[in-house]
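Scroll down for the structure; my scribbles are underneath it.
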Amino acid sequence: MGLVEQVLLGLPCHVLELLDLRRHRHHANVRCAVTVHAYVLIQTDVGKAAQVAEQVNAVAGVVAAEGVTGPYDVIARAEARSMNDLGRMVVRDIGQIEGITRTITCPVVQI
């Protein structure tokens with residue numbers, strides 16, 4: 001099995017119904033990579049923001065993490081293949097970093 005086939009097998013499969021010019025219905029199995037983007041707002045223990053931002057940046061799926069001022073200490077931009085994968089990343093990978101006291105995940109939507 002080649003690389004392309006391996007990648008395609010890992011992508012979610014969607015069954016779409018297509019209409020041709022004569023209005024006949026056809027089913028098509030389509031594999032596509034859907035990416036969910038989110039901002040993760042992070043509160044930390046006092047004096048831990050820089051250390052937490054550095055560790056969050058190292059998490060797979062995190063595009064960027066930076067220390068900020070205001071009610072949150074670090075804001076991260078993350079992406080995942082699905083909402084479930086995003087949730088697992090936040091709970092399992094980000095939430096377990098020492099110094100984090102609270103996270104709020106804000107998925108990006110098109111409005």
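Being in a strand (DSSP E or B), touching a strand residue (DSSP E or B) at 6+ places or on another chain (Cβ under 7 Å) and surrounded by fewer than 13 Cβ atoms within 10 Å (Cβ to Cβ) is true for just one of 76, 64. Which residue is that?
On the way: 76 fails: surrounded by fewer than 13 Cβ atoms within 10 Å (Cβ to Cβ).
Testing whether each residue is in a strand (DSSP E or B), touching a strand residue (DSSP E or B) at 6+ places or on another chain (Cβ under 7 Å) and surrounded by fewer than 13 Cβ atoms within 10 Å (Cβ to Cβ) leaves just 64.
For the stretch 72-87, what are the residues that are of a type outside the set (A, V, I, L, M, F, W, C) and at pLDDT 95 or above?
Kept after step one, since they are of a type outside the set (A, V, I, L, M, F, W, C), are these residues of the stretch 72-87: 72-73, 77, 79, 81-82, 84-85, 87.
Listed by number, the residues that qualify are 72, 73, 77.
The values are calculated or read from the model by the stated rules, or taken from the named source; none is laboratory data. Fair warning: this is a prediction, and the values are worked out from it, not measured in the lab. Every residue, glycine among them, receives a Cβ derived from its backbone with ideal geometry; neighbour counts consider all protein chains shown.
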